[in-house]
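Encoded as C-alpha cells, the structure appears first; notes follow it.
The values are calculated or read from the model by the stated rules, or taken from the named source; none is laboratory data. Nothing here was measured: the structure is a model prediction, and the numbers come from that model. Positions of Cβ are generated from backbone atoms using ideal geometry, with glycine treated the same way; all protein chains shown enter the neighbour counts. For the accessible areas, the whole protein counts, side chains as well, though only heavy atoms, and no ligand, DNA or RNA atoms are used. Shrake-Rupley method; radii C 1.70, N 1.55, O 1.52, S 1.80 Å.
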Amino acid sequence: MSVVEERYAHALLSLTSDKESASSVETAFQGAVDAFTRNAQLKEFLCNPLIVPKSKHEMIEKVFTDVPEVLMKFFKLLIDKFRIDLLPGIFRQFVELRDEREGVLRMQIFSCVPLEEDKVSAISDKFSKQLGVSEFRIQTKIDTSLIGGVKVIVGDKIFDGSISSRLGLLKNAITNRLATANID
C-alpha cells in the first residue's frame, strides 16, 4: 500500500457520498481495473508519457462508456497527474476504505473442498451474530492441507476449526503429557 494510492482512493471515496453511489463507482472501477490489467495495449497506451493526455482522455471515453461521471473525471485526473499506472492499487485502497466507512468486514473462509452457498451463508450468519457485524465481504479459498472443517479469518482474527488444527492440538497435548510423565 502506498501513501499516494491511499490518498487518491480517499479522495474518490469522499466524492461518493452515499452507499449506492459508492457501490456503482466500485463496480465500474472494478471493470476498468480488469480492462487495464488484462489489456496490455491499453495499459501501455495510458501509461506512455509520450502520448498527450488529451489523446488518453479520448481513449478512455471510448473504452469506458458506462462509468459514472465522477469516475471518468477521476481517471482523467490520474492521466493528467501521470498516476494512471497506480489504478489497481488505488482500487484496492478504495474498496478497503469503503468497507471501513460502511462497517463491512473482510472474511476469508478456507476449506479443503468447495463450499456450497448455504454453508457459506451459515458461517457468515454465525460470525455476524458472534461479532455483531451485519455485512461481510466474503472470499472462499481451497486449502487441501486442512483435511476437513474450516478456517475463517475475519479482519485480524483467525478462527481455526479445521481437522488438521485439532490434530495438531491433540499431538501437542499428548507430547506435553508424555514429557510431564517422563519427569515424574
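Some observations on this one:
- Extension gain (nm, one decimal) between Thr65 and Phe45, 0.36 nm per residue minus Cα-Cα: 5.4 nm
- The alpha carbon gyration tensor of the range 1-50 gives principal lengths a ≥ b ≥ c with a/c of 1.5 or higher and a/b no greater than b/c, which makes the shape oblate.
- Only Lys, Arg, Asp and Glu carry charge here, each on its Cβ (+1 for the first two, -1 for the last two); on that basis the chain has a dipole of about 420 debye about its Cα centre.
- Against the chain, whose longest principal axis comes from its Cα atoms, helix 163-183 is set at around 40 degrees.
- Distance between the range 118-181 and the range 86-117 - C-alpha centres, whole angstrom: 19 Å
- For the chain, the solvent-accessible area with a 1.4 angstrom probe is 64 square angstrom per residue.
- Once the Cβ-Cβ distance of Glu135 and Lys54 is raised to the sixth power relative to R0 = 35 Å, the FRET efficiency obtained is 0.25.
- Each Lys and Arg adds +1 at its Cβ and each Asp and Glu adds -1 at its Cβ; summed about the Cα centre, the range 85-134 shows a dipole of about 160 debye.
- Antiparallel bridges, percent of DSSP beta bridges restricted to the chain (to nearest 5): 55 percent
- Of the solvent-accessible surface of the chain, computed with a 1.4 Å probe over protein heavy atoms with every protein chain present, carbon and sulfur atoms account for 53 percent.
- Residues whose amide H comes within less than 5 Å of that of Met107, counting only those at least five positions distant or on another chain, are Arg137, Ile138, Gln139 (H built at 1.01 Å from N in the peptide plane).
- Additional length obtainable on full extension of the chain from Leu15 to Arg106, 0.36 nm per residue less Cα span: 30.4 nm
- Top positive-direction residue, dipole computed over the range 1-101 with Cβ charges, set Val3, Leu50, Thr37: Leu50
- Only protein heavy atoms count here; under a 1.4 Å probe, Phe82 has an accessible surface of about 120 Å².
- In terms of its alpha-carbon gyration tensor, the chain comes out prolate; a/c meets the 1.5 threshold, and the first ratio a/b outweighs b/c.
- Dipole of the range 100-171, positive end: most advanced residue of Val120, Ser145, Ile109 [Cβ charges, Cα centre]: Ser145
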